[in-house]
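Student: My questions will all concern the structure given below.
Each reported figure results from applying straightforward, stated rules to the coordinates on display, with no laboratory input. As the structure is a computational prediction, the values presented were derived from the model and not from experiment. Cβ placement follows ideal geometry from the backbone for every residue including glycine, while neighbour counts extend to all protein chains displayed.
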Amino acid sequence: MMNPRIARAQMLLSQRRTDLAEKELAQALADEPNHPLAHALMAMCLVENEQWDPATHHARQAIAAAPGVAFTHHAMAVVCARRNQFKEAAEAARAAVDLDPLNPDYHELLGKIHAFRHEWNEALGCAKEALACDAQHVDARNLKALALRNLGRGDVAQTEMLETLAEDPDNAWTHTNLAWQYLEKNDTKQAMHHFREALRIDPELEWARRGVVETLKSRNVIYRLFLRYFLLMGRLTQSGQWKVILGLWLLYIVLGRVARQVPALAPWVTPLLILYLLFVLGTWLAGPLADLALRLHPFGKLALSRRERRASNWIGGSLLGAVVSLVTAVALHSTGFLHLTGFFLLMLLPLGATLQAAWPQPQKAMLIYTAGVTLLGAGFVLGGFLEGQQLPIVLVRPIELGLSFFPLAAILSLIAGNVLMSMGWTK
């Protein structure tokens, strides 16, 4: 007979009442310190509350107590996946599948881990395995549709989702999955309808909230082009994304050399080079700028998260500083204010890279980098205001460094941001 405290904890966990479940499990473990199910459930409670190290500890205790029980490995897979340790999560999920190959939840979790890594063929295979165990498994059907959409089979995915929704009309993930499909097809009306339904069913579903924001921003024609690029890039693995980024960069270098060596082609090549630079800037700034525009939308401003509002404030403030400085520079014929304009415009790059960093570790690294760029920028601005004057010895070196390296350091922040965000950060 199952320990009644563990049974209550399972019920509470299914209701997302993790704090109460944790208390029940603590009492159960006080009675039976090596109970594998109690440790596994405790791990899943703790990871929901973002207590990463204690969650890992309990998952390990569960496996140590019952290495032949599939659910203990499943709990470890959940914990590792939430910590972005996808390699370890996949290994634990495979162990659960090997021990209990007829449990659809274990196949579905392994498929989700593949999906997190953008390994869509593998994710589709796992979804099919889960559905072979249970043809009505809603999460597996959603995973199958997600994989199909990212493999370019959107029509098949949409049919799958509509059938799933007909059978379970109150599933928030299905509504969200279908909404993203509509958004990819630029059907913003249907996308917004299903995102709203998802949030009505589950107000805490971040993927649906993010979809509402993207749908509102996609009403802007320019942002819509960037959104299409982001969705296409989202289908690729990390190595595939780097191939695209480096391929475009190499093409830019080659075209630049062609323009220099064959002047007759320069009028045709130069617009392409400018277009590429605007595209690169847009990939970093389109999101925060569109968020800034949403601040004026009655519903959009409510849909933005605290991080998105903060990002739009910084980008908007820098743009405002550039505009005011430029107007002042023109009015006063001031080189100093012209340098200040350049400072605010170039600072958009490290600010954008910092604000795009989703995890704490790369964000801290980019904050340090941005602080260094800001110091160089101070020298750059001082150099403009003090141009032609006799400089104090203490200012000579900082101004020389700022004038020489500030623009380059600001531009390199885009590369630094890409590198940091592509690294496997652990929570």
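Student: Using the alpha-carbon atoms, what tilt in degrees (0 to 90, nearest 10) does helix 238-261 show relative to the longest principal axis of the chain?
Tutor: Relative to the chain, helix 238-261 is tipped by roughly 20 degrees.
Student: Ok, one more. Normalising by the residue count of segment 327-427, find the relative contact order in percent from Cα pairs under 8 Å and 6+ residues apart.
Tutor: Relative contact order comes out at 36 percent.
Student: Now for a separate question. Taking the Cα atoms of the chain alone, what are Rg (to one decimal) and Dmax (as a whole number) in Å?
Tutor: Both quantities, over Cα of the chain: 26.1, 88 Å.
Student: Given labels modelled 7 Å from the Cα in the Cβ direction, how far is it in nm from Glu32 to Asp170?
Tutor: 3.3 nm
Student: While we're on this one: Taking every Cα atom in segment 327-427, find the radius of gyration and the maximum pairwise distance Dmax, and write them in Å.
Tutor: Rg, Dmax (Cα atoms, Å): 15.8, 52.
Student: Could you give the nm distance between label points at Thr270 and Leu332, where each point is 7 Å from its Cα heading toward the beta carbon?
Tutor: That separation, rounded to one decimal, is 3.2 nm.
Student: Let me ask you something else. So for segment 60-111, averaging the separation of alpha carbon pairs under 8 Å that are six or more residues apart and normalising by length, what relative contact order in percent results? Walk me through the numbers on the way to the answer.
Tutor: Values: 54 pairs, mean separation 16.1, N = 52.
The value is 31 percent.
Student: Taking the Cα atoms only, what angle lies between the long axis of helix 172-184 and the longest principal axis of the chain, rounded to 10 degrees?
Tutor: Helix 172-184 and the main axis of the chain meet at about 40 degrees.
Student: Just need the Rg to Rh number for segment 188-347, please, alpha carbons only, Kirkwood Rh.
Tutor: Value, to two decimals: 1.06.
Student: With charges only on Cβ, +1 for K and R and -1 for D and E, what is the dipole size of the chain about its Cα centre, in debye, rounded to 20?
Tutor: 1460 debye
Student: Still on this structure, please answer the following. Going by C-beta contacts inside 10 Å, put Lys243, Lys217 in order with the fewest on the left.
Tutor: By the 10 Å Cβ count, ascending: Lys243, Lys217.
Student: Taking Cα atoms, how many degrees apart are the long axis of helix 188-201 and the longest axis of the chain, rounded to 10 and kept between 0 and 90?
Tutor: 50 degrees
Student: Another one. Please order Glu50, Glu122 by the number of other Cβ within 10 Å, starting at the fewest.
Tutor: So the residues, fewest neighbours to most, are Glu50, Glu122.
Student: Spin-label point model (7 Å from Cα, Cβ direction): what's the Lys87 to Leu391 distance in nm?
Tutor: The two pseudo-label positions are separated by 4.7 nm.
Student: Using 0.36 nm per residue of separation minus the Cα-Cα distance, give me the extension gain between Ala132 and Val262 in nm, one decimal.
Tutor: Between Ala132 and Val262, full extension yields 40.7 nm more.
Student: Shifting gears a bit: Please enumerate, by chain and number, the lysines with C-alpha under 17 Å from the C-alpha of Lys364, excluding those fewer than 8 residues away in the same chain.
Tutor: Lys427
Student: Below 8 Å between Cα atoms, with a sequence gap of 6+, how large is the relative contact order for the chain in percent?
Tutor: Over the chain, the number comes to 8 percent.
Student: Still on this structure, please answer the following. List the lysines whose alpha-carbon lies under 17 Å from that of Lys144, not counting same-chain residues fewer than 8 positions away?
Tutor: In chain and number order, the partners are Lys112, Lys128.
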